[in-house]
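Everything on this sheet refers to the single structure shown next.
The values are calculated or read from the model by the stated rules, or taken from the named source; none is laboratory data. Predicted, not measured: the structure shown is a model, and the values here were computed from it. Every residue, glycine as well, gets a Cβ built from its backbone with ideal geometry; the counts of neighbours run over all protein chains shown. Note: areas computed on protein heavy atoms with side chains; ligands, DNA, RNA excluded. Shrake-Rupley method; radii C 1.70, N 1.55, O 1.52, S 1.80 Å.
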There are 2 protein chains.
Amino acid sequence: MKGECVEIIGEKINGTRKRVAQAIAERDADFICQLARSQAEAGAAWLDVNAGTHPEQEPDDLVWLIENVQAVTDTPLCLDSANPQALAVAIEAVDKTPMINSISGEPDRLENILPLVAEHGCCVIALAMSATRVPETSEERVAVIHKVMEATRAAGVLDEHIYVDPLVMTVGTCLQSGPVFFDTLRAVHAAYPEVHFTAGLSNISFGLPARSYINRAFLTLALGAGLDSAILDPLDQDLRAALLAAEVVLGRDDYCLNYTRAYRAGLFD
Amino acid sequence: MKGECVEIIGEKINGTRKRVAQAIAERDADFICQLARSQAEAGAAWLDVNAGTHPEQEPDDLVWLIENVQAVTDTPLCLDSANPQALAVAIEAVDKTPMINSISGEPDRLENILPLVAEHGCCVIALAMSATRVPETSEERVAVIHKVMEATRAAGVLDEHIYVDPLVMTVGTCLQSGPVFFDTLRAVHAAYPEVHFTAGLSNISFGLPARSYINRAFLTLALGAGLDSAILDPLDQDLRAALLAAEVVLGRDDYCLNYTRAYRAGLFD
C-alpha cells in the first residue's frame, strides 16, 4: 500500500445528483465529458459512472455515459448499479475491464451480479451489509464479509479483485461509526490480506457543521487503518492534501516525493 | 481518553525561542504574561515554562517566569529543564503541583530528577531515549521505557503520573518516524495501561513544505494510536480543529458536543 497506490475512485458522474441527472436527461455530453476529464487529470484511478435510478432507462443511460467518458479518457470505469441487466449491457460497452459497484451480503446481488464479475474478471466493491440493513457492530459486518468472500471464492473471483467497503455511517447519529469502520477494516484485513478497502467518505459528516474537517480526519485515520482506495471527489484539494500528508506520516511516500511534487504543483496553495 | 481530556501542554513560553529569550533577558513581564494568558484561554491544560540554556542563570530565570505566569493564570505548569538544581528551586516557587519535563533513560536524569518527582507527587514526561541517542526502532524505545518505568515504580511514582513521549523524528530524514512513533506508543500502552502519552508534534515536518498538513495528519494518526496529550501551540486553530475532528471520528466526543461548541465559537472560520 504505497502512497502512489491509494486508488481514488472519482465520484462525480453520479445520476443521483441533480445536475448529473439533468445532463443525462438532456444528453449534455459536454458536461459529462468535462466531469470525466477533470477527474482523470486530478489523478482518479477509476471513474464511477452511475446513471441514476430509473430501471427502464438505466441500461441506455449507462451506455451513453460510458461512451462519452471513454471518448475523453482511458481511465477505467467503476460501473455503479444494483441492476444486473444494466451491468450486463454496460460491461459490453467498456474498453477496459471495469470495477463493479457493488455486491453485498444480499442474496439477489450475489446471485445475479457475481457471475458477471467472475466471467469478465472484474474488480468489485463488496459492501459489509446484508439485504435488509447495515449491521451496527463490526463483528456482524465481518460476518457478512465472510459470507461474501465464501461466495466470491466459490465463483473463482480473486481476493485481490475485491474492494471491501466497511460502510460509513453518519457520526452525528451513530457515535461509534468511526471505530466500527476501523475495527471492521482491520478484522477483514487480518482474515483476507489480499483484499483492498474502499469507502465513500463524506457520509461520516452528514448533518454536522464544518464537514471538511471531519472528512479529512476520517480519511486520515482510515488510511492509518489500511484503507487503500477511496470514493471521493479528486478535485477536492483539501482531501487530496490530507491524503498525501497521511501517506508521508505513515512512511509510505519514499523521500516524500509525492508530497513535494504536489506542493510544487500548487496543491497546498 | 474522552475528547475533553486530551491535555494540551502549551509550548510557547520557551527560552530556546529567540523572542522569549529576549523577554527573559529584558525582564519583559508583559510579553510573558500575554503568552500565558492567551494559551490558558485557548484551553491549555498545562503551560510549559523553559528558561533557556544558561545553567548559572536558569534557576533565577525560571522562577521569574513562574511568578509572572502565576500572576495571570492558575493553569498548572510544566517545568521544562534538564537541570536538577533549577527544577528544585522552581518546584518551591509553584502554586500547584507541576509536571516535570523531563526524564529519560539517561542515568543522571533518573538519579537527580526522579527523586524530586517522587517527593512532590509530580507528573513527569518520560522520553523514550537513552543518554546517548534516540533509538531508531520501536523495540529499542520500548526497552528504554521499560527501564524508566522500573525506576519510576521503584521511586514510588504512580504510573498515571507518567507521560511517555515516544519521540518524533523528522520524517524528511527518517521515513519511518511515524510508524516507529505509533508502534512505540501502542506497545507501551499495552504494557502500562495507566500511563499517558504526549509528544512535541511539529518536529515531524521539519524541512518539508506545507508543514501544517503534515502536522495535522500526524496529530490525527497519533490520537488514533492513543495519544492523550500533546505539546503544541494551543492558539493554532488548524491543529485544534484537527484535534476536535479526530475526537469526533474516534467516537470520543459524545453527541459531537465539543465539536459543535467549537464551531459556534468560530474555531473553524
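Table for the structure above
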quantity	calculated
Matching entry among A:LEU65, A:LEU77 (being buried (at least 24 other Cβ atoms within 10 Å of the Cβ) and in contact with a Lys or Arg (Cβ under 8 Å, 6 or more places away or on another chain))	A:LEU77
Some residue of the stretch B:70-87 being among the hydroxyl-bearing types (Ser, Thr, Tyr), on the phi < 0 side of the Ramachandran plot and touching a strand residue (DSSP E or B) at 6+ places or on another chain (Cβ under 6 Å)	yes
Any hit, the stretch A:130-139, residues being in contact (Cβ under 8 Å) with a residue 40 or more places away in the chain, in a loop (DSSP other than H, G, I, E, B) and open to solvent by less than 10 Å² (accessible area, probe 1.4 Å)	no
Close pairs from the stretch B:181-194: first modelled with pLDDT of 95 or more, partner charged (D, E, K, R), Cβ under 6 Å, at least 6 apart	B:THR184/B:ARG141; B:TYR192/B:ASP159; B:GLU194/B:ASP159; B:GLU194/B:GLU160
Residue within the stretch A:136-154 that is at positive phi and of a type outside the set (A, V, I, L, M, F, W, C) present	no
Meets criteria (closer than 30 Å to A:ILE204 by Cα and out of contact with any Phe, Trp or Tyr (no Cβ under 6 Å at 6 or more places or on another chain)) for B:LEU221	yes
Close pairs (7 angstrom Cβ cut-off, 6 or more residues apart or separate chains): within 10 Å of A:LEU47 (Cβ to Cβ) and without any contact (Cβ under 8 Å) to a residue 40 or more places away in the chain in the stretch A:69-97, assigned to a helix (DSSP H, G or I) and among the basic types (Lys, Arg) anywhere	A:THR73/A:ARG37
Scope the stretch A:82-102; condition within 19 Å of A:GLY10 (Cα to Cα) and surrounded by fewer than 24 Cβ atoms within 10 Å (Cβ to Cβ); matching residues	A:ALA82, A:ILE91, A:VAL94, A:ASP95, A:LYS96, A:THR97, A:SER102
Unmet requirement for A:GLY52, which otherwise passes all of (1) free of Cβ contacts under 8 Å to residues at least 60 places away in the same chain; (2) under 30 Å from A:PRO193 (Cα atoms)	(2)
Pairs where the first residue, in the stretch A:257-269, is over 11 Å from B:PRO209 (Cβ atoms) and touching a residue at least 12 places away in the same chain (Cβ under 8 Å) and the second is surrounded by 18 or more Cβ atoms within 10 Å (Cβ to Cβ) and of a type in the set (Asp, Glu), C-beta under 7 Å, 6+ apart	A:ASN258/A:GLU247
Test: A:VAL144 is in contact with a Ser or Thr (Cβ under 7 Å, 6 or more places away or on another chain), aliphatic (A, V, I, L, M) and part of a helix (DSSP H, G or I)	yes
Number of positions in the stretch B:147-158 that are surrounded by 19 or more Cβ atoms within 10 Å (Cβ to Cβ) and in a loop (DSSP other than H, G, I, E, B)	1
Which numbered condition B:ASN101 fails, given (1) in a helix (DSSP H, G or I); (2) in contact with a Cys (Cβ under 6 Å, 6 or more places away or on another chain)	(1)
Residue list for the stretch B:13-57, filter: under 18 Å from the mean Cα position of the chain (by Cα), under 30 Å from B:ARG261 (Cα atoms) and surrounded by 21 or more Cβ atoms within 10 Å (Cβ to Cβ)	B:ILE13, B:LEU35, B:ALA36, B:GLN39, B:ALA44, B:TRP46, B:LEU47, B:ASP48, B:VAL49
Qualifying residue in the stretch B:106-129 (condition: touching a Ser or Thr at 6+ places or on another chain (Cβ under 9 Å), crowded, with 17+ Cβ neighbours inside 10 Å, outside any loop (DSSP other than H, G, I, E, B) and of a type in the set (Asp, Glu))	no
Close pairs from the stretch B:160-176: first acidic (Asp, Glu), partner part of a loop (DSSP other than H, G, I, E, B) and crowded, with 18+ Cβ neighbours inside 10 Å, Cβ under 9 Å, at least 6 apart	B:GLU160/B:VAL195; B:ASP165/B:SER104; B:ASP165/B:ALA128; B:ASP165/B:MET129; B:ASP165/B:THR198; B:ASP165/B:ALA199
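One line per residue, one yes/no per condition, for (1) within 20 Å of B:LEU235 (Cα to Cα); (2) in contact with a Leu (Cβ under 9 Å, 6 or more places away or on another chain):
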residue: B:CYS5; (1), (2): yes, no
residue: B:THR16; (1), (2): yes, no
residue: B:ILE24; (1), (2): no, yes
residue: B:GLN34; (1), (2): yes, no
residue: B:GLN39; (1), (2): yes, yes
residue: B:ASN50; (1), (2): yes, yes
residue: B:THR53; (1), (2): no, no
residue: B:GLU58; (1), (2): no, no
residue: B:LEU62; (1), (2): no, yes
